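The values are calculated or read from the model by the stated rules, or taken from the named source; none is laboratory data. Worth saying up front: this structure is predicted, and the values here are computed from it rather than measured. No Cβ is skipped: glycine too gets one built from the backbone with ideal geometry, and neighbour counts run over all protein chains shown. For accessibility, only protein heavy atoms count, side chains too; no ligands or nucleic acids. Shrake-Rupley method; radii C 1.70, N 1.55, O 1.52, S 1.80 Å.
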Amino acid sequence: GPDGMVGESSIAVSVNTGPEGGTFAVTPTEGSAVSDLFTLTCNNWGDEHLPLSYVFAVSIYAYDKATDTTSNGTLASFGRQMGSTRVTMLPPGSPSNNYRMEVQALIYDALGAAALTQERTVQVQFVPNVCVDSSVCTRPDLIDDMTTAFGMAMSRGDFAGASEQMLLFGSVLGNKQFHAPGSEDKTRLVRNTLGELAARYFDQGGRRRNLLSVTPAACSVDCLQSAVNIYSGFSLTDPADTTEATCTPPINVLSQKL
């Protein structure tokens, strides 16, 4: 200063760090997509700001027929929960990598600081068991299993659980096997059924806040139109403009039209 004196000052700033010290595991490490149950578990995470909450995320893969390639996988998360364990079915792994996929968890403290776990790799095989003609194939099939699980969640008012089933159901449409020659009828049936489930979801009180993020293109104009036909409160200004690409993610697209 002008009197030749020099002063110093300091401000102590506390930064809230995320939970630490814990582990994350998935068991079993291999199984069948949208069929077998997997247990995702976080253990021994500590933080001074309790309670902790948990978000589990899985990789969703989409096949691009034009380039004959499968995406690296985009993480789609289940809803945040207070419990440190989640028992769930999983979507298919990457067909270009022996059906391997990555699973992660986010652990939040009460102030919102988060820790991201390391990825865990599991092998999740997928067989597109979709019965188009019940006289020549075995039931129950994929659609029976998924609609039953969806119906059970809806009957108990579990919109998050029903949304999880739609995420899993929609994820299979990104699989290469639904783009193979001769699979058109199976793909159309799955897409239309997804539209019917979405229509039922909204008709019974599901809202956008209950929906999960789905990233691969999984819903065509036919899928959306199926929902239009069933859910009278749903409308498209111009269905012709709604391409498969703009239907990504399919469930969020449906919600945005309400």
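Per-structure values
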{"item": "Neighbourhood net charge (11 Å Cβ-Cβ; Lys/Arg +1, Asp/Glu -1) for ASP47", "result": "-3"}
{"item": "Cβ-Cβ FRET estimate between THR69 and GLU184, R0 fixed at 25 Å, reported to 0.05", "result": "0.75"}
{"item": "Neighbour net charge for THR148 - beta-carbon separation under 15 angstrom, K R +1, D E -1", "result": "-3"}
{"item": "Cut-off under 5 Å, modelled amide H: who pairs with SER35 long-range", "result": "LEU90"}
{"item": "Gained length - ARG80 relative to HIS49, 0.36 nm times residue gap less alpha-carbon distance", "result": "9.5 nm"}
{"item": "More than 22 angstrom apart: percent of Cα pairs within the range 18-151", "result": "46 percent"}
{"item": "Within the accessible area of the range 1-130 (1.4 Å probe), percent carbon and sulfur", "result": "49 percent"}
{"item": "Stokes-Einstein D in µm²/s, Kirkwood radius over Cα pairs - the range 10-87 at 37 °C with 0.692 mPa s viscosity", "result": "210 µm²/s"}
{"item": "Amide H partners (placed H, <5 Å) of SER94, local residues excluded", "result": "TYR99, ARG100, MET101"}
{"item": "From phi via Karplus (6.51, -1.76, 1.60), per-residue ³J(HN,Hα) for the range 23-30 in Hz, x at Gly/Pro", "result": "10, 9, 9, 10, 9, x, 9, 8"}
{"item": "Solvent-accessible surface (1.4 angstrom probe) belonging to VAL34, in square angstrom, nearest 10", "result": "10 Å²"}
{"item": "Per-residue ³J(HN,Hα) for the range 190-199, Karplus 6.51 cos²θ - 1.76 cosθ + 1.60, θ = phi - 60°, Hz, x for Gly and Pro", "result": "5, 4, 5, 5, 4, x, 5, 5, 4, 4"}
{"item": "Prolate/oblate/rounded label for the range 82-186 (Cα gyration tensor, a/c 1.5)", "result": "oblate"}
